Amino acid sequence: MQKYKFGILLAATKDSAFTIGTLLLNILHKMPNQIDVFYIVQDGFCDLDKRIMQEIVESRGGGGGGKTRVC
């Protein structure tokens, strides 16, 4: 199992995909290249929402590889 130095856990309902996406953008804007991993726990994001969140983190350089796990 890979260990990360700094990660952020976000929890959301299926209705808050836009809010979580906006939060990802804001965090990555204020803390560029400092976040190693985002974990997002949710109860029903669609596959498109999950893919968009992954692309946000990858394109904005989310730190050590820009990993996002949407569970």
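The values are calculated or read from the model by the stated rules, or taken from the named source; none is laboratory data. All of these numbers come straight from a predicted model, not from anything done at the bench. In this analysis, Cβ positions are derived from the backbone assuming ideal geometry, glycine residues included, and neighbour counts consider all displayed protein chains. Side chains included, ligands, DNA and RNA excluded: accessible areas come from the protein's heavy atoms. Shrake-Rupley method; radii C 1.70, N 1.55, O 1.52, S 1.80 Å.
Couple of notes before you dig in:
- A single member of Ile40, Ile35 is of a type in the set (A, V, I, L, M, F, W, C), modelled with pLDDT under 90 and not in a helix (DSSP H, G or I), and it is Ile35.
- Among the residues of the range 12-41, those identified as open to solvent by 30 Å² or more (accessible area, probe 1.4 Å) and over 16 Å from Gln54 (Cβ atoms) are Thr13, Lys14, Asp15, Thr19, Asn26, His29, Lys30, Met31, Pro32, Asn33, Gln34.
- Cross-chain or 6+ apart pairs with Cβ under 6 Å, the range 13-42 first and over 25 Å from Met1 (Cα atoms), then open to solvent by 30 Å² or more (accessible area, probe 1.4 Å) and among the β-branched types (Val, Ile, Thr): none
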